[in-house]
Structure formats: structure tokens, C-alpha cells
Amino acid sequence: MNFDKRIFFFVLICALFLFGPTIYAENEEISILIVYSTEDDLPNKDILLLDATFSAFATEQTLISTADFTAEQIEGRHVVVYVGEVEKTLPLELIESIDAFKGKLIFLGLNVDQFNVLIDWQIIGDAEVRAIENHSLATPLYTTHILPPNESETLATGKSIDKNIPFIIKKGRISYIASTNFGVEENAILSKSIYALLEQDPPSNHPAYIRLEDISPISDYKLVEETGMYLADRGIPFYMAIIPVYVNNETGEHIRLSSNKKLVDVLLKLQDRGGIVIAHGYTHSYRYEETGEGFEFWDSKLNQQITTKRTDEIPPPIRQRESFLNDASFDKYTKEMKQIERNYVEQKLQKSIEDLYEIGLYPLAFEAPHYTMSSNGYEVASQSFSAIFGQIQLSDTDWEVMDAPLFIGKPSILNGMTLFPETIGYVDPLSSVNPLQDMEQSINRLKTVPGSIIGGFYHPYLGIEYLPQMLELIESTGNIEWIDLRNTEQFAKTKYVTIHQTVKDGLTVSSTKSKWDDVLTQFAERPFEAALWIMSFVVMAFIMAFFIHIATLRMRLKKRLFRERESIG
């Protein structure tokens with residue numbers, strides 16, 4: 001093996017050990033099946049958050065409802081997780097398959113009394129837990145009180161008013177978690193216990209990142225440079241969430257990033273110094289909302305998915321099933337609404353990637369403005385990006401239902417995209433107590449969870465006033481590994497542009513877009529302007545034809561007069 005190959009394999013091994021618990025998923029094949037019971041057989045926020053958490057440890061993971069389960073789906077699995085959100089009579093095929101399964105079994109919530117494999121686990125009844133592991137809960141948590149068989153290990157204990165309640169229990173290959181609802185404290189305790197549940201050795205490091213947020217065409221280039229260079233000079237890879245177009249909410253004026261040459265030069269310099277570009281939408285606005293404040297991939301006024309590209313009117317609310325005579329009509333309407341959203345998201349992401357590409361900025365990931373986007377939108381985004389930063393919206397009907405796992409993973413809702421969660425928030429200069437107070441509390445909680453990601457963002461308009469303190473807080477976690485996407489394989493792509501990052505070949509970019517494609521794109525985006533231009537060309541053509549006709553007539557008249565003079569002379 002020559003020297004170059006030794007270097008390549010050394011870099012590859014380093015990259016595999018970069019991202020906390022995902023190490024185990026990559027070094028050992030772990031196939032996980034999550035089966036859930038809900039009222040409507042659709043995954044709710046609790047199910048989706050559990051799925052996101054377990055995905056960090058899986059090389060392959062499937063999320064299905066009990067209604068869709070077949071025995072074949074359990075074959076070849078290493079871990080099966082059953083989540084009972086509501087009381088239901090479970091399919092016999094599911095019960096028999098899980099009872100016969102020889103791998104690790106993790107049960108959560110209700111209906112566990114239907115499995116013979118848990119016959120020795122005694123269900124006492126419901127319990128109201130007010131604290132877990134001496135951490136008081138914001139609201140009481142309703143759990144199932146189960147007494148495990150002898151020689152079980154209690155990984156976490158809840159406390160009601162008068163007694164202790166086993167919260168996470170393990171005996172051999174079988175584990176039970178007494179709730180399916182995970183708030184901030186509960187999520188941290190589950191995440192800490194998951195290594196024991198899966199019998200994995202916890203890592204000693206915490207992956208971390210800092211994201212410079214909401215860089216737009218009107219950002220102060222001096223402050224962007226100041227904050228970016230502060231991180232670059234310390235050898236810290238950092239992320240720049242860039243919005244290519246600023247929308248003035250009063251005039252509707254669009255200002256493109258390419259028009260701010262000084263800012264573009266700063267961003268190009270920072271990209272060369274280790275700054276990694278994140279496409280933070282295209283305008284970070286919808287219906288002339290101000291860039292940075294408005295939403296882009298969610299209709300915040302109606303709290304629903306995007307149903308129209310028009311910004312001059314508010315569309316009607318999305319119609320529900322009861323508005324239709326039959327399922328076929330409702331399904332047709334739903335598909336039409338989803339297609340409108342797909343077209344909108346696809347066009348926005350294409351313009352974002354291509355605008356950044358044209359000025360030499362190459363995004364390796366995506367961040368949804370305000371973290372809001374429907375599951376349909378995530379599916380579209382996964383065709384353009386391999387990675388996404390932030391939190392994830394866990395509902396298709398309410399943007400405020402969002403959360404983030406504590407590990408890097410590939411949640412099912414993201415359709416293959418790798419999620420780099422935001423877990424510590426941001427510096428809030430408007431805080432009446434301490435701009436970093438909430439961040440400090442989050443970091444102290446994450447210190448107890450091995451391998452948890454320390455991810456947060458900082459607004460460059462603050463200058464570096466609070467940046468040293470933020471860095472100090474992050475590094476107080478100990479054993480920080482700064483995430484550098486340049487050491488991983490990522491892509492961002494459109495119909496015309498491809499940005500590809502690999503460990504071996506580094507960054508490669510290409511474009512097949514022609515000037516004619518630009519013209520067609522502009523016409524598609526602004527049909528009214530296109531119609532005016534076409535009318536202008538038609539009018540000009542008629543005018544030119546008129547002048548040519550007049551000139552021709554004058555030439556003929558001159559020739560005739562000349563011939564008449566010759567005949568007279």
C-alpha cells in the first residue's frame with residue numbers, strides 16, 4: 001500500500017468516528033423495526049421523535065403501524081421496538097412474530113399485556129410521575145406502572161407523590177419504557193439509557209457545530225467577516241446559513257445576494273477558511289413577509305402547508321374529509337394540494353442552490369426557515385440535499401409541533417437526509433437575565449447524555465460580543481469533536497447544478513445550465529413580465545415592419561419618379 005492510500009484510509013477512519021453514536025451504526029450492522037399503535041394508524045410526534053432517536057444507531061430502520069405489519073418485516077432484524085400509544089387489540093400475526101423473535105425487544109406504553117414474552121412482567125396500573133431521576137418534570141407524566149421479574153435492571157426511576165415507579169427497565173434482551181411521551185427531561189433520560197437498551201458502549205466525545213444564522217443580502221459584511229474569522233482563526237469548522245434573496249416586506253422589492261459584492265467577497269473568503277454553506281431557503285419569507293422573520297415553506301397565517309404560489313391573496317384553508325362526498329374525491333384533492341406544494345418547494349430549492357452556485361458558494365446542506373416544513377416538503381428536499389440542520393416539524397397540521405433528537409441520525413420523516421440537530425438554541429440578547437442562560441441549561445443536560453450533539457446558532461449582527469462565551473460553554477462539555485461536512489459525503493443538486501462532496505475527491509461542482517435555460521426560468525417565474533416582453537417584441541416587430549414597408553414604398557416612389565424624369569428628358 002503506497003503513502004497516498006494510507007492517508008486516504010486514515011481520513012476515512014477519522015470520518016467514521018466523527019459523529020458520536022452513528023459510529024456504532026456504521027461499524028456494526030443494526031437493523032431496527034419500530035411498530036406503533038395510534039388512533040389513526042399514522043405516526044404522531046411521539047412516534048416520530050422515537051424514530052429519530054433510534055435512527056442514530058441503525059444501519060437500517062423501518063417505521064410501520066400495527067395495521068401494516070406483516071411477519072416478513074421482522075425477518076433479519078436485530079431490534080424490534082413496539083410503541084403502544086392507545087389501547088388496541090393487536091393483530092395475532094404481530095403478537096406471534098414478536099413472541100417468536102430472538103433479538104432485542106423494547107416495549108413502550110400500552111398493550112404490552114398481550115405479548116406472551118412479557119408474561120412474567122406484572123402490570124400494576126396507571127401512575128402519575130412528577131420527577132425522573134431526581135429531575136422535576138414541567139408537567140406530570142402519565143405512565144404504566146409495571147413490576148419487572150427478578151434480576152431486572154432499573155435504568156431510570158420515576159417518582160410519584162408517594163412512591164417510586166420503574167421508568168426504564170431491562171432484563172436480558174427485553175426492555176420496557178413506561179411512557180411514550182417524551183418532554184425535554186424524559187428525552188434526555190431515554191437518550192442516555194439507549195446505549196444500555198441496545199447494549200452499546202457509549203462514546204466519550206460529543207459532536208458539535210456552530211451555525212452563523214440568517215446571512216442575507218442586507219447583512220453587515222463587516223460583522224459577518226468578524227464572526228466568521230473569529231471561528232476560522234481558531235481552526236473551528238463553522239456553518240453559514242445563507243439566504244440568497246432579501247424581500248422588503250413594505251415594497252415587495254427583491255434584493256439578490258449577488259448585488260452585494262462586499263458581502264459575497266467575505267463569504268467566499270470564509271468558505272475558503274473552513275466556512276461551510278447551508279442553503280437557508282431562498283427568501284426566508286412568504287407573501288411579502290420580511291426575510292428572516294417570515295416563513296417560506298409553511299403558510300403561517302393559516303397554519304397549513306403551502307397551497308399556492310400567489311402572494312397577493314390568502315387561499316382558503318385546506319378542506320377536510322367531511323367536505324367531500326367520498327374518499328376518491330378527497331384523495332384527488334389531497335394529491336392536487338401536495339403537488340402544488342411539491343412544485344413550490346422544488347422551485348424554491350432549485351433557485352436557492354443555483355443562485356449560490358452562480359456566485360461561487362457551494363451549499364452542502366439545507367436548513368428550513370424556522371424549521372417549518374411538512375413531511376411532503378421534506379420528501380422533496382431529500383431529492384436536492386443529503387443533509388439538513390436544525391429541528392424537525394413533527395406534524396403536517398401544526399408548525400409549532402417540532403422537536404429534535406439528541407443524536408445525528410436519519411429520521412424516517414426526512415426520507416434519507418441526515419439530520420444534524422440543533423440542541424442548545426441560540427444567544428438571545430433580549431433575555432432579561434442572561435443571553436446564554438437557556439443555552440447553558442441545555443448544555444448541562446446534554447453533558448449527561450453520551451454522544452449527544454451540541455448544536456447551536458449565532459447571529460452575526462451581534463458581532464463577537466457573545467461568541468467567546470458561547471464557545472467556552474460548548475467546549476465545557478468536554479471531548480468536543482467539531483463536525484466538518486468536508487470530511488463526509490454530501491450532495492446538493494438541481495436539474496442543472498450538482499455539488500458533490502466526498503472524502504476521497506473533495507468538492508466537485510458542475511452545471512449544465514445555459515443562458516436559454518435562464519431565460520425560460522425567468523419567464524416561468526414571472527409570467528406577467530414574460531407576457532409584457534412578448535407583447536413588446538410583437539409591437540416592435542409591427543413597428544419595424546411598418547417602417548420597412550414605408551421605406552420600401554419610398555424607394556419604389558423614387559424609382560418611379562426617376563424613370564418618369566428619364567422618359568420626359
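The values are calculated or read from the model by the stated rules, or taken from the named source; none is laboratory data. Remember, it's a predicted structure, so these values are computed and weren't measured experimentally. Ideal geometry is used to build each Cβ from the backbone, glycine not excepted, and the neighbour counts take in all protein chains shown. These area figures cover heavy atoms from the full protein model, side chains too; ligands, DNA and RNA do not enter into them. Shrake-Rupley method; radii C 1.70, N 1.55, O 1.52, S 1.80 Å.
Structural remarks
- Here the relative contact order of the chain, from alpha carbon pairs under 8 Å that lie six or more residues apart, stands at 14 percent.
- What the phi angles of the range 33-45 give under the Karplus curve with 6.51, -1.76 and 1.60, with θ = phi - 60°, is a coupling list of 10, 10, 10, 10, 10, 10, 4, 10, 6, 10, x, 9, 4 Hz, glycine and proline written as x.
- Peptides 238-247, 454-463, ordered by how many other C-beta atoms sit within 10 Å of their residues on average, highest first, read 238-247, 454-463.
- Interchain or long-range residues, amide H under 5 Å from Leu212's placed H: Tyr239, Met240, Ala241, Tyr458
- Listed values for the range 313-320 are Karplus-derived 3J(HN,Hα) couplings in whole Hz (6.51 cos²θ - 1.76 cosθ + 1.60, θ = phi - 60°), namely 7, 9, x, x, x, 4, 6, 9, and x replaces Gly and Pro.
- Helical mean residue ellipticity (222 nm; -39500 (n - 2.57) per DSSP H run of 4+; nearest 500) of the chain: -11000 deg cm²/dmol
- For the range 383-519, the solvent-accessible area works out to 44 Å² per residue, with a probe of 1.4 Å and every protein chain left in place.
- Under 5 Å, built H, 5+ apart or other chain: amide partners of Ile454: Ala208, Tyr209
- In degrees, nearest ten, helix 327-358 long axis to first principal axis of the chain (Cα): 70 degrees
- Short-range pairs are left out: with C-alpha atoms under 8 Å and at least six residues apart, the relative contact order of the range 392-521 is 14 percent.
- Taking every DSSP beta bridge that has both ends in the chain, the antiparallel portion is near 45%.
- Axis of helix 515-525 versus longest Cα principal axis of the chain: the two differ by about 70°, to the nearest ten degrees.
- Pairs beyond 21 Å (Cα-Cα), from Lys104/Lys192; Lys309/Lys338; Lys222/Lys513: Lys222/Lys513
- Entries of Lys351/Lys495; Lys269/Lys504; Lys351/Lys504; Lys45/Lys332; Lys88/Lys170 with Cα pairs more than 21 Å apart: Lys269/Lys504; Lys351/Lys504; Lys45/Lys332; Lys88/Lys170
- Cα shape, the range 449-519, gyration tensor, a/c 1.5 rule: oblate
- Within the accessible area of the chain (1.4 Å probe), percent carbon and sulfur: 53 percent
- Interchain or long-range residues, amide H under 5 Å from Glu153's placed H: Lys170, Lys171
- Average Cα contact separation per residue, the range 336-415, under 8 Å, 6 or more apart, as relative contact order %: 28 percent
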